[in-house]
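None of the figures in this text is laboratory data; all of them are computed from the coordinates on show. Bear in mind that the values here come from a model prediction, so they are computed numbers and not experimental data. Here Cβ is always computed from backbone atoms with ideal geometry, including for glycine, and neighbour counts include all displayed protein chains.
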Amino acid sequence: MSPTASVIASPQLHTIASPWLWVATIAGVLILLVLDFAVTHRPHEVSMREAIGWTVFYLALPVAFGAAIWAGFGSRPGTEFLTGYLLEKSLSVDNLFVFMLLLSAFAVPAALAQRVLLYGIAGALVLRGLFIALGAAALASLDWAFLLFGAILLITAAKLLVDAAGGQQHDVEVSSMRSVRLLRRVLPVTDDYRGARMTVREAGRRALTPLALVVTAVMTTDLVFAVDSVPAVYGVTGDPYLVFATNAFALLGLRALYFVLQAALSRLVHLAYGLAAILAFIGVKLVLHWAHGIWEGMPQIPTLASLGVIVVVLATVTATSLWATRGSGESDSTTASSTL
């Protein structure tokens, strides 16, 4: 196979980033996190106008970043970043279902919801960074790592499909979460929230507030999501820098997106089918890449084709979901009006 075909078709390990670019990017992510913490310093309920404004900002930012990558390093890394970002963003929407259940299970006050999400996102960025580094090390030293990652995605896709076909919904049993049980064993937990504080001093000893438990639950849940999320984006690009950037941008905009989609999430009834199809497609792409190392005649899937598949699948399941639930919005409004 020609070098050009290899560049187009397969997620070879490579990087466009110098140490200075890594430092600048991480510094930029930290600045955005500090900005978010400044915005949420005073706990308040998030209005739809505020949520939409921040969502537009966090959607425009990766588009501008992708354009800069394209202009500075060429079309290949630019396409890989945009494809990876779209993949991570679509997977993060599924995360929001679980986050919504967690916030509901812990009875998080509306004024503290965005602080919970922000703490969870900050912790998730650190955990994702570790996963990305481990993934890069595995792909660089183990020839069968692509096969392993592909298998993980295919198994995840099959589970999503079986759960969706069986009508199984996301379920969160707070009392059974190991992280929550461990925290409760180490320190006592107060009966109520104490503003934005995660620990307080009661009866001469330190105690956790429910806020600490829900933040831990959100971070632990994202760690589980990272098991398929990080291998999926490595199926699009072999550049750890772009993998980190796609994860960072997808997570940073999650807080605002939660409040924008909160009412609409229940209508995305076919999202699981779409995510299963996307993960299966990327899984097959990784398996083909592994097989290509054994037989050079094995066909490869171009990154641009991956982008097209992701866009088409997401557009299709969104359209079919909205069509299938087209009367639900009106009935909900009618029910709400009748109860006033």
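Below are the figures for this structure:
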item	result
P(r) weight above 17 Å for the stretch 181-288, C-alpha pairs, percent	70
Backbone HN-Hα couplings from phi across the stretch 74-91 [Karplus 6.51/-1.76/1.60, Hz, Gly and Pro as x]	x, 6, 4, x, x, 5, 4, 5, 5, 5, x, 5, 4, 4, 5, 5, 5, 5
For the stretch 274-319: span of alpha carbons on each principal axis (Å, largest first)	40, 18, 10
Ellipsoid semi-axes in whole angstrom, largest first, where each is sqrt(5λ) of the Cα gyration tensor of the stretch 68-119	35, 12, 5
For the stretch 89-167, the spread of Cα positions along each principal axis, largest first, Å	49, 35, 19
Distribution of pairwise C-alpha distances over the stretch 97-232, 10 Å bins, in %	11, 33, 31, 19, 7, 1
By average C-beta atoms within 10 angstrom, highest first, the peptides 317-324, 81-88, 202-209	81-88, 317-324, 202-209
Between helix 210-234 and the chain: long-axis angle, C-alpha atoms, 0 to 90°, nearest 10	10
Percent breakdown of C-alpha pair distances by 5 Å bin, ordered from the shortest bin, for the stretch 17-115	2, 10, 13, 21, 21, 14, 9, 6, 3, 0
Dipole magnitude (debye, nearest 20) for the chain, charges at Cβ of Lys, Arg, Asp, Glu	800
Assigned charges on the beta-carbon of Lys, Arg, Asp, Glu; the stretch 71-223 dipole about Cα centre (debye)	680
Folded to 0 to 90 degrees: helix 48-73 orientation relative to the chain principal axis, Cα	20
Estimated vicinal HN-Hα couplings, Hz - the stretch 308-316 in sequence order (Karplus 6.51, -1.76, 1.60; Gly, Pro = x)	x, 4, 4, 4, 5, 5, 5, 4, 5
The stretch 317-324 - phi-based ³J(HN,Hα) in whole Hz, Karplus 6.51/-1.76/1.60, Gly and Pro as x	6, 5, 5, 5, 5, 5, 5, 5
Relative compactness, the chain, computed as alpha-carbon Rg over 2.2 N^0.38 Å	1.05
Which of 22, 279, 136, positive extreme of dipole for the chain (C-beta unit charges)	22
Other-chain or far-sequence residues with amide H under 5 Å of residue 190's (modelled H)	208, 209
